[in-house]
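First up is the structure itself, then whatever we jot down about it.
The values are calculated or read from the model by the stated rules, or taken from the named source; none is laboratory data. Remember, it's a predicted structure, so these values are computed and weren't measured experimentally. Heads up, the Cβs are rebuilt from the backbone with ideal geometry, glycines too, and the neighbour counts pull from every protein chain shown.
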Amino acid sequence: MTQPLPLPEARRLIEAVLATWPPASRQHVGAWTIREGQGGGSRVSAATEDWPVTEIDLPAAEAAMRALGQTPQIMVRDGEDKLDHLLDTHGYKVKDPTNLYAIEAAQLAGDGRLPMGGGYAMWPPLGLIREIFEDGHIDAARQAVMERCPLPKAALIERSGDYPGGAGFVALDGDIAMVHALHVLPEARRKGVARRLLKRAAIWGLDHGARFVGLAVTRGNHAANPLYASLGMSLRGHYHYRIKEE
């Protein structure tokens, strides 16, 4: 019997999240990595610490983010408790606590079969996929993030009966196929569309050398978290943002 593979730890999954959802630019300022998001959301706009920071390091990060026209926002990863406390004492509020999930790609792919003509993985995406993204508030700025992501990558689409059901985005970082921007149209929910999108992502990942499928989802998403658990995905860790509203 084949032994299960050890799943990626939280830190590795965050690396894959950031690699497959890239900012418009990245610079190192002191102890920080500063990202320019251009409206693409928190993942591409938040700074991260490169080594343990102290109080004297914080103004440099704030100035760099403000220079980009961004509100100071910092990603706090598992194990960065001192950073979390520092930001709390300086008025940064918690934003979007997020769960990290992973599963073996072969386990999620199962028998590797999906209904004929039920969906596709492709790049560039069809206009129909872009319309589904827009329905899910995955706007032009977030779609620009997908464009910046290096190959291999794919846009995913699945049908619900005779009509479009949902879409997603998957990209490879090493041996991890990372899924982003999963959206099922309201009329197609609870019909297995999300499950088929994730299975298609796993099949695509296996075809491109992935051993694992990973994703990040906010803890407050009470529909997605139970779904991922029901598929056998393992919770591997967490991160959250701290934001300093001006």
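Observations
- Only one of the numbered conditions (1) in contact (Cβ under 8 Å) with a residue 40 or more places away in the chain; (2) touching a Phe, Trp or Tyr at 6+ places or on another chain (Cβ under 8 Å); (3) within 19 Å of ALA19 (Cα to Cα) is not met by ARG211, and that is (2).
- In the range 81-117, the residues that are touching a strand residue (DSSP E or B) at 6+ places or on another chain (Cβ under 7 Å) and either among the small types (Gly, Ala, Ser) or assigned to a loop (DSSP other than H, G, I, E, B) (or both): TYR92, ALA102, ALA105
- Filter result for VAL53 (of a type outside the set (D, E, K, R), modelled with pLDDT of 95 or more, over 27 Å from PHE212 (Cβ atoms) and part of a loop (DSSP other than H, G, I, E, B)): yes
- Of the residues making up the range 44-62, those that are under 14 Å from GLN73 (Cα atoms), in contact with a Ser or Thr (Cβ under 9 Å, 6 or more places away or on another chain) and of a type outside the set (Gly, Ala, Ser) are THR48, GLU49.
- Unique residue being surrounded by fewer than 19 Cβ atoms within 10 Å (Cβ to Cβ) and outside the structural domain of ALA140 (by TED's automatic domain parsing) when the list is GLN27, GLN73: GLN27
- Test: residue in the range 5-19 that is acidic (Asp, Glu) and under 18 Å from ALA171 (Cβ atoms): yes
- Counting the residues of the range 5-44 that are out of contact with any helix residue (DSSP H, G or I) (no Cβ under 8 Å at 6 or more places or on another chain) and either of a type outside the set (Lys, Arg) or not in a strand (DSSP E or B) (or both) gives 17.
- Condition met for GLN70 (assigned to a loop (DSSP other than H, G, I, E, B) and among the polar types (S, T, N, Q)): yes
- Residue count for the range 72-123 satisfying the condition of being among the polar types (S, T, N, Q) and closer than 23 Å to ALA177 by Cβ: 3.
- Residue pairs meeting the criteria (Cβ under 6 Å; at least 6 apart or on separate chains; first under 16 Å from HIS28 (Cβ atoms), in the range 53-72; second part of a helix (DSSP H, G or I)): none
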